[in-house]
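The values are calculated or read from the model by the stated rules, or taken from the named source; none is laboratory data. What you are looking at is a predicted structure, and each value in this text was computed from that prediction instead of being measured. As a convention, Cβ positions derive from the backbone with ideal geometry for all residues, glycine included, and neighbour counts pool all protein chains shown. Just the protein is used for accessible areas: all its heavy atoms, side chains included, with ligands, DNA and RNA removed. Shrake-Rupley method; radii C 1.70, N 1.55, O 1.52, S 1.80 Å.
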Amino acid sequence: QVQLVESGGGLVQPGGSLRLSCAASGRPLRTSTTTWFRQAPGKAREFVSAIVWNGNSIYADSVKDRFTISRDNAKNTVYLQMNSLKPEDTAVYYCAATPWGQGNRAESGYDSWGQGTQVTVSS
């Protein structure tokens, strides 16, 4: 397993931006698929975006063209740049990782999880 620590959450107004970070230790993320999930109050956790070990990226339709996932191999960190935020983006955001992989959208496909970071979009 790899240890994951998320950061960067907070309160932002609609239309604003945030950048989430997922810092890893114990395994290089360049040999992993790293994925962001989110869970809004009263709802199931859902897939947001994934970056595969080969650099390919995948997005949920609800965030496509607004969110960008990236990876810094030297820092062993994955980022989620979130622009044009909407109130419906409010959730706890979790990063998860699995060795290699192909961008599985199911939670069961991941062996390591972070503790989550709260994102609140409100005026």
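Percent of accessible area on the chain owned by carbon and sulfur, 1.4 Å probe?
Details: 2760 of 5930 Å².
Accessible surface attributable to carbon and sulfur in the chain totals 46 percent.
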*If Lys and Arg each add +1 and Asp and Glu each add -1, what is the summed charge of the other residues whose beta carbon sits under 11 Å from the beta carbon of Val92?*
+2
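On a full-extension model of 0.36 nm per residue, what is the gain between Ala74 and Glu107, subtracting their alpha-carbon distance, rounded to one decimal in nm?
Values: separation 33, 0.36 × 33 = 11.88 nm, distance 2.66 nm.
Additional length available on full extension: 9.2 nm.
Lys64 to Arg19: extension gain in nm, 0.36 nm per residue of separation minus the Cα-Cα distance? Show your work: numbers first, answer last.
Values: separation 45, 0.36 × 45 = 16.20 nm, distance 1.54 nm.
My answer for the length gained is 14.7 nm.
Take the Cα radius of gyration of region 1-63 and divide it by 2.2 N^0.38 Å, with N its residue count; two decimals is plenty. All intermediate terms of the calculation are to be shown ahead of the outcome.
Values: Rg = 13.3 Å, N = 63, 2.2 N^0.38 = 10.6 Å.
It is 1.25.
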*Equivalent ellipsoid semi-axes, region 32-80, via Cα gyration tensor eigenvalues times 5, rooted, Å*: 21, 12, 9
*Would you mind working out the accessible area per residue for the chain, using a 1.4 Å probe, and quoting it in Å²?*
48
*asked:* Between region 12-32 and region 41-111, what is the separation of their alpha carbon centroids in Å?
replied: 8
*Report the residues of region 10-40 in range of a label on Gln3: point 7 Å along Cα→C-beta, backbone N strictly under 12 Å from it.*
24-27
_Partner lysines for Lys64 [C-alpha distance under 25 Å; skip if fewer than 8 residues away on the same chain]_ = Lys43, Lys86
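Among rounded, prolate and oblate, which fits region 51-123 when a ≥ b ≥ c are the square roots of the eigenvalues of its C-alpha gyration tensor, a/c under 1.5 means rounded, and a/b larger than b/c means prolate?
Working: a/c = 1.70, a/b = 1.54, b/c = 1.10.
Verdict is prolate for region 51-123.
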